[in-house]
Amino acid sequence: MTNDSPTLITVAPTGAEADKTAVPALPVTLDELVTTAKECQAAGAAVVHVHIRDGQAQPTLDRARLADTVAALREGTDLIVQLSTGGAVTDSFDDRLAVLDAAPDACSLTCGTVNFGDEVFSNPYPFIRDLYARTKELGVVPEFELFDFGHIATLHRLLAGHGAPHGGHVHCDLVMGVPGGMPGDAATLTQAVSALPAEATWSATGIGRTSVPVMFAALSAGGHLRVGMEDTLSFARGRPVTGNAELVERAATLASLAQRPPMRPGQARVMLGVRERS
Ligand code: KMH
Ligand code: ZN
């Protein structure tokens with residue numbers, strides 16, 4: 001990728017970990033999610049990475065709710081709808097595989113197990129392989145989530161053994177700064193990028209206080225950005241995030257300053273190999 005490519009901005013508005021009672025601005029209902037998604041599109045996002053919550057604001061992979069969510073986001077926005085297949089650390093592999101039945105445009109696909117704070121986010125190779133095969137059967141474009149260097153080795157193994165993804169293009173997200181994964185700093189980002197498949201494009205996500213340094217590093221290295229309340233709940237030291245749109249606005253401002261303004265959803269579809277909606 002050249003360094004003058006427009007910047008793909010993905011917003012991850014909710015996640016599976018934050019608690020609505022502690023973080024009232026977190027979008028957890030379908031209405032809140034669609035409202036946030038519209039605001040984030042206006043601010044420069046092209047992809048929405050989606051985790052959903054149940055009536056008690058707890059993470060769920062309920063199949064009907066997932067399908068309703070995909071429909072509502074398509075109805076209300078032009079964003080590429082990327083469902084999380086990572087879910088919460090407590091979700092079963094079967095439920096995580098069944099996420100794809102909601103027929104999103106795209107999905108996350110994590111390429112290995114990682115310590116996740118005090119928990120374990122489990123992704124054994126047979127599950128990765130089955131999930132990858134299912135993306136191909138159903139025509140869903142995967143984004144390869146890489147929390148550590150071993151995940152990059154597994155991505156190479158997956159592509160060598162099972163070929164290119166649906167859509168033909170490899171796009172990765174370096175998820176940096178998870179306690180248990182690779183650190184979120186410029187030196188680590190540079191090393192990780194150099195280990196990616198040559199043909200891949202990539203985004204980077206810095207968790208918590210690594211959000212801003214990872215954004216600057218990614219922009220200068222020609223990468224794309226993921227931001228959102230799944231990843232960061234503080235806008236600055238001592239100042240909670242008031243909503244996802246301000247995180248997207250900040251990312252869009254930095255991208256524009258870097259002479260790489262935000263990519264529109266149509267441009268992102270072309271880059272990622274996501275088919276236009278009929
Ligand atoms: N919630 C984490 C355990 C993904 O969305 O694919 C996993 C996660 C990754 O968020
Ligand atoms: Zn996620």
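The values are calculated or read from the model by the stated rules, or taken from the named source; none is laboratory data. What you see is a predicted model; the values in this text were computed from it and never measured. Quick reminder, even Gly has a Cβ in these numbers, built from the backbone with ideal geometry, and neighbours come from all protein chains shown. Protein only, heavy atoms only, side chains kept; ligands, DNA and RNA dropped before computing areas. Shrake-Rupley method; radii C 1.70, N 1.55, O 1.52, S 1.80 Å.
Structural remarks
- Among residues of the stretch 1-38, those that are away from ligand 1 (no atom under 15 Å from the Cβ) and either at pLDDT below 95 or touching an Asp or Glu at 6+ places or on another chain (Cβ under 6 Å) (or both), counted: 5
- Screening the candidates 148, 105 for the property of being open to solvent by less than 20 Å² (accessible area, probe 1.4 Å) and charged (D, E, K, R) yields one hit, 105.
- Condition check for residue 266: out of contact with any Gly (no Cβ under 8 Å at 6 or more places or on another chain) and assigned to a loop (DSSP other than H, G, I, E, B): no
- Among the residues of the stretch 208-240, those identified as surrounded by 19 or more Cβ atoms within 10 Å (Cβ to Cβ) and either of a type in the set (Val, Ile, Thr) or part of a helix (DSSP H, G or I) (or both) are 210, 211, 214, 215, 217, 218, 219, 227, 232.
- The single condition among (1) within 16 Å of ligand 2 (Cβ to nearest atom); (2) open to solvent by 80 Å² or more (accessible area, probe 1.4 Å); (3) among the aliphatic types (A, V, I, L, M) that residue 42 does not meet is (1).
- Scanning the stretch 166-199 for residues being under 17 Å from residue 148 (Cα atoms), in a loop (DSSP other than H, G, I, E, B) and in contact (Cβ under 8 Å) with a residue 40 or more places away in the chain gives a total of 4.
- Members of the stretch 256-278 that are of a type in the set (Gly, Ala, Ser), within 23 Å of residue 75 (Cβ to Cβ) and without any contact (Cβ under 8 Å) to a residue 40 or more places away in the chain: 278
- Among the candidates 117, 87, residue that is within 16 Å of ligand 2 (Cβ to nearest atom) and within 19 Å of residue 182 (Cβ to Cβ): 117
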